[in-house]
Amino acid sequence: MSHQHVPVVPTVKSAGSAPAFFSVWDIHAYYGESYIVQGVSFDVREGEVLALLGRNGAGKTSTLRALARIGSPLVTHGEIWLDHKPLHTMKSHEAAQNGLALVPEDRRIIPGMTVEENLILAQIAPPIGWSIERIYEHFPRLAERREQEATTLSGGEQQMLAVARALARDVKLLLLDEPYEGLAPVIVHEIERIVDSVKELGMTTIIVEQNAIAALRLADRAIILDMGEKVFDGLAQEVLDNAELRQQYLAI
């Protein structure tokens, strides 16, 4: 199939312009000599859910890691702004302190600790994010298992805990990396419900997910990457409605 141009809505940083709630301006990132993220730019409005999509190797997770300022890939150029604060000048822990939370694919549940201990450890002192009581209201399954050793939870329950830990901090932007990976369909629907409830609460979210249809059902907008470059930026419904676009860039 020929490489067909897909219109992209440009994100342009003009002189004196203020960044959107979350703005990515022309970021370039490398793994060693490999040029992984190639001049990606986009804006996210407050309360919006953005699906970041593409085939395997398109640069989705690398872009997410670059946004979170985590080790590799190394960002060599560009700017990342969250709520008017320059994340591109910060280390990963500083970005986290300024409201960015990444829920990684491996979830990183702390072994040897209960569900509640994992949540308490995530809170900033003094607590300024969600209280433990509020978390339990939205995650009743975690409330039922509060005294259970966290690594003995099911995969879906561990994903719930990973999201809940992020909310326990003063999070402004939630980054979800492959939240449905390895989960049974019935658990996927449960995680969808959780992300949808977070969306209803006004949480700004970027989701990277190989299950593109599931991500698009949740998202307001979608960005598609191909070989580290942005090839589509538009409404999620446009991707759902465009079979040719999905086949070309998502193989679905």
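Some points to look at:
- Dipole magnitude of the stretch 196-252 about its Cα centre (Cβ charges: Lys, Arg +1; Asp, Glu -1), debye to nearest 20: 100 debye
- Computed over the stretch 134-252, the Cα gyration tensor eigenvalues convert (square root of 5λ each) into semi-axes of 29, 15, 12 Å, ordered from largest to smallest.
- Between Lys60, Lys85, Lys230, the GNM of the chain built on Cα springs shorter than 10 angstrom shows Lys85 fluctuating the most.
- Only the Cβ atoms of Lys and Arg (+1) and of Asp and Glu (-1) were treated as charged; on that basis the dipole of the chain about its Cα centre amounts to roughly 360 debye.
- Of all DSSP beta bridges confined to the chain, the antiparallel ones make up roughly 55%.
- Subtracting the Cα-Cα distance of Arg45 and Leu74 from 0.36 nm times their residue separation leaves 7.9 nm of extension gain.
- Taking 0.36 nm per residue of separation and subtracting the current Cα-Cα distance, fully stretching the chain between Thr114 and Asp196 would add 26.9 nm.
- Considering the chain at the alpha-carbon level, its Rg and Dmax are found to be 17.9, 56 Å.
- The stretch 132-164: GluC sites (Glu not before Pro) falling in loop per DSSP and having at most 14 other Cβ within 10 Å: Glu147
- Most positive-pole-ward Cα, Asn98, Asn118, His88, against dipole of the stretch 87-127 from beta carbon charges: His88
- Charge tally in the Cβ shell below 14 Å around Glu48, where Lys, Arg are +1 and Asp, Glu are -1, Glu48 excluded: -3
Values in this text are rule-based calculations from the coordinates and carry no lab data. These numbers were taken from a predicted model, which means no experiment stands behind them. Because the Cβ atoms are built from the backbone with ideal geometry, glycine has one as well, and the counts that use them run over all protein chains shown.
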